[in-house]
Amino acid sequence: MRLLTLFSLNVIRVVLSGLATGLVLCVATWPAVAQAAVLQGTVEQIASDDWQIKQLEFGVELTDDGLRGAVRIARLLLPAADLELTDTRIVCTRIVLSGPLIDCDAAQFNVDFPGSGRQTVAGSFTYHRDTGEVRFQILELPLAGGTVTLAGTVTDDDLGVEFESTELQLEGLQIVAAEFGLDSEELAAAGSVRLQGRFSSGQDQSLIATAALRNVALSNASGTIVTDALDGQLKLNAAIANGRSNFDVDIAATQGEAYIEPVYANLAEHPVRIRLQNASTVDNTEFEFPEFRIEQGALLAIFGNVQVVLATAEAPMSISGRIALEDSDVAALYSSGLQIAAAGTLFGELETAGRISGEVELRNNVPMSAAIQLDDIAIDDTRRRFAIYGLSGNLNWPGPDGGLADVDPSRLRWDSASAYNIILEGGELHARIGGDDVELLAPLRLPTMGGAVLINRLLMNDYGTENASGLLDAELLPIQLGQLSGAFGWPAFSGSLSGKLPLLQYEGNAMTVGGTLAAQAFDGEIAVSNLRLEQPFGRVPRLQADLRLRNLDLKQLTDTFSFGLIQGRLSGDVTGLEMAAWKPVAMDLHLYTPPDDKSRHRISQRAVENLTSVGGGGAGAVLSTGFLKFFEVFAYDKVAIRCVLHAGSCTMSGAGRAGDGPLGSGYYIVKGSGLPRIDVVGYRREVNWERLLNQLGQISGAAVVN
């Protein structure tokens, strides 16, 4: 619009005014023209606030066909655009005088047009001597690889121009703009545009235009605006009054891709229509959009009123105001904007589906309130950390300054969900969300792994901040240990796990449990105490705990691991357990036969071989070649193994010192008893933890047969 203002209002008006001035002088001295047949003259200077002419030369001659006139302007100065045109010429081959009208229906304009070089174009004009009005037409003016045809009216108070172009190259238009001091190093452009419309300049300026865009590629230096192969149509109705630009815009984009931070759209798959009504700006940096609507077929419909501050080198684009969603597609919303905003976070790689509607209030891109309705939403983390399916209901949030007391409850229900491979069945949440606080209004039951997690009370304060804290009163109804261990990638245990979490607290981005989790497994008991989980929602959750195992049935346990029969009982302690991203990094693990165990103690050949396989000892050879090969099962007194894990390595010990042997000083892993007697002795004091874990409990060692 500013380019048309400078070009149309100043260049065209000045040139035509110059010609009209010459013709006025000609007509004023018409008798002299008739007598002499030729009239020539010079005006040294004509000036206004916006332009200045120096040395205007004119000439009129009477030919057999009538009057013929010419005007030459030596220098045309446009200070506002920092532009100077030299040697501008206008020739009228046929001048018709009719009362107060001076009409030239066959004119030639020879002008050094900015960005196009010196050009000669055809046109016409009519001058009204009484009113000073000039009507003109300029035909097929070369511009930016195409042509523009202009037709309009010039008065003392106004310039009205109708324009129509062939396809113009955006790169060429940028060159023309640079000639008028409108160059923008921030914006690179390619593609073409076809223009049609009307421009009016007076005390108030207006522009009505239609632009047909083809294969347009735009990008700014900061990367906040990018388009590629964009096709579409833009309609603009704009006016400038009292220093403020007011405009309506209707954009229909049907091909290509577009990214306007933080929104992305694939226009070929889903065409976009954007309508702005009563929009305004003062400085072309801050914009008011009191009525906007964005539609993406049946996928997306957004409307509302916002204030937008464009991005700068110091700050990103800022949006404030009310944004409402009609029934819209969640996948389109996520891929078009939310995914880009969430890049690098827990929510940056999701597969989504479902419908959503509601309203959000923003202030500088930050949500200040929300009322959202969800319909059959699916959210699936591609890294398999969490998922939820069939999520429906309403979510009410009064904003960061709202309290729990006055907010309407939120109700959500879902068909299934998962968290770190733990499958959850359907459930329903009834809660209040206000400010940074959450309060559960009714017990929440989460069926999982053959049992359930029952949350009786939940209160969180300042969630999402460094000062987040909370309380949880919950119960673990018996769940299957096999499913739990499978979720963590452990061997499949049998039995169940149950207990209470009466004092689970969340503070300082860490969860701690004041009670003890008790499990019934392998006909024994497993208890977890001193449980602490740090960064539970971060990339590397860290868990600390102590475990106590009492009187587990070794037959059930070894059947689970499938490495051979061991009969008897097993107790153990795991102290100082530390896990990072659910993998052990430190612990003191001690497994042993209980001192008061009176059960039958037997171990099979296969179990012996597996216990010795890591270290490559000689038990396997003895069992395959000696008389012991005739025995399938051996008696033992006790078993014991201890691993102190640190820096990826286990410091090993067992059921006491076994004495020196061919491989050095050893320790009993299995201490034999009776006949035939077999002892499994370990000699390696340091064992790689990953190797130990991958072999499902096989222990480095060698067997000594007595």
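Within the range 129-150, which residues are open to solvent by 30 Å² or more (accessible area, probe 1.4 Å) and either touching a helix residue (DSSP H, G or I) at 6+ places or on another chain (Cβ under 7 Å) or hydrophobic (A, V, I, L, M, F, W, C) (or both)? Listed by number, the residues that qualify are Arg129, Leu139, Leu143, Gly145. Taking Glu57, is it touching a Leu at 6+ places or on another chain (Cβ under 7 Å), modelled with pLDDT of 55 or more, open to solvent by 50 Å² or more (accessible area, probe 1.4 Å) and acidic (Asp, Glu)? So Glu57 fails the test. Quick check on the range 151-180: of everything there that is touching a residue at least 60 places away in the same chain (Cβ under 8 Å) and open to solvent by 50 Å² or more (accessible area, probe 1.4 Å), which residue is farthest from the chain's Cα centre (by Cα)? Looking at residues that are touching a residue at least 60 places away in the same chain (Cβ under 8 Å) and open to solvent by 50 Å² or more (accessible area, probe 1.4 Å), I get Glu179.
Right, Ile323: under 26 Å from Asn215 (Cα atoms), free of Cβ contacts under 8 Å to residues at least 40 places away in the same chain and not acidic (Asp, Glu) or not? Taking the combined requirement at face value, the residue does not satisfy it.
Name the residues in the range 420-467 that are of a type in the set (S, T, N, Q), part of a loop (DSSP other than H, G, I, E, B) and either exposed (fewer than 15 other Cβ atoms within 10 Å of the Cβ) or modelled with pLDDT of 90 or more (or both), would you? Of everything in the range 420-467, those that are of a type in the set (S, T, N, Q), part of a loop (DSSP other than H, G, I, E, B) and either exposed (fewer than 15 other Cβ atoms within 10 Å of the Cβ) or modelled with pLDDT of 90 or more (or both) turn out to be Thr465, Asn467. Residues of the range 565-583 that are assigned to a loop (DSSP other than H, G, I, E, B) and surrounded by fewer than 17 Cβ atoms within 10 Å (Cβ to Cβ): Leu565, Ala581, Trp582. Evaluate the following for Leu391: is it assigned to a strand (DSSP E or B), touching a Leu at 6+ places or on another chain (Cβ under 6 Å) and within 14 Å of Pro447 (Cα to Cα)? Considered against the rule, which asks whether it is assigned to a strand (DSSP E or B), touching a Leu at 6+ places or on another chain (Cβ under 6 Å) and within 14 Å of Pro447 (Cα to Cα), Leu391 comes out as no. Scanning the range 396-419 for residues that are out of contact with any strand residue (DSSP E or B) (no Cβ under 6 Å at 6 or more places or on another chain) and surrounded by 14 or more Cβ atoms within 10 Å (Cβ to Cβ) gives a single hit, Pro400.
Conditions (1) assigned to a strand (DSSP E or B); (2) touching a residue at least 24 places away in the same chain (Cβ under 8 Å); (3) surrounded by fewer than 18 Cβ atoms within 10 Å (Cβ to Cβ), marked per residue:
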{"residue": "Ser498", "(1), (2), (3)": "yes, yes, yes"}
{"residue": "Gly515", "(1), (2), (3)": "no, no, yes"}
{"residue": "Ser529", "(1), (2), (3)": "yes, no, yes"}
{"residue": "Arg532", "(1), (2), (3)": "yes, no, yes"}
{"residue": "Ala545", "(1), (2), (3)": "yes, yes, no"}
{"residue": "Leu549", "(1), (2), (3)": "yes, yes, no"}
{"residue": "Leu557", "(1), (2), (3)": "no, yes, no"}
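Residues in the range 364-388 that are open to solvent by 50 Å² or more (accessible area, probe 1.4 Å), part of a strand (DSSP E or B) and of a type outside the set (A, V, I, L, M): Pro367, Gln373, Asp375, Asp376. For the range 72-84, the candidate set comprises residues that are open to solvent by 10 Å² or more (accessible area, probe 1.4 Å) and in a strand (DSSP E or B); within that set, the residue that is nearest to Phe125 (Cα to Cα) is Arg72.
Condition check ((1) open to solvent by less than 30 Å² (accessible area, probe 1.4 Å); (2) at positive phi; (3) at pLDDT 90 or above) across all residues:
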position: Val585; (1), (2), (3): no, no, yes
position: Asp588; (1), (2), (3): no, no, yes
position: Tyr592; (1), (2), (3): no, no, yes
position: Lys598; (1), (2), (3): no, no, no
position: Ile603; (1), (2), (3): yes, no, no
position: Arg606; (1), (2), (3): no, no, no
position: Gly616; (1), (2), (3): no, yes, no
position: Gly620; (1), (2), (3): yes, no, no
position: Ser624; (1), (2), (3): no, no, no
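Yes/no matrix, rows are residues, columns are (1) modelled with pLDDT of 95 or more; (2) part of a strand (DSSP E or B):
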residue	(1), (2)
Asp157	no, no
Gly160	no, yes
Asp183	no, no
Ala188	no, yes
Ser206	no, yes
Ala209	yes, yes
Leu218	no, yes
Gly223	no, no
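Would you say Pro271 is in contact with a Ser or Thr (Cβ under 6 Å, 6 or more places away or on another chain) and either modelled with pLDDT of 95 or more or open to solvent by 20 Å² or more (accessible area, probe 1.4 Å) (or both)? Judged against the criteria, Pro271 is a match.
Mind checking whether some residue in the range 308-320 is assigned to a strand (DSSP E or B) and within 22 Å of Ala241 (Cα to Cα)? Within the range 308-320 (the criterion being assigned to a strand (DSSP E or B) and within 22 Å of Ala241 (Cα to Cα)), the answer is yes, since at least one residue qualifies.
The values are calculated or read from the model by the stated rules, or taken from the named source; none is laboratory data. The structure displayed is predicted, hence computed values, not measured ones. All Cβ positions, even for glycine, are placed from backbone atoms using ideal geometry, and neighbour counts span all protein chains on display. Please note that ligands, DNA and RNA were not included when accessible areas were found on the heavy atoms of the full protein model with its side chains. Shrake-Rupley method; radii C 1.70, N 1.55, O 1.52, S 1.80 Å.
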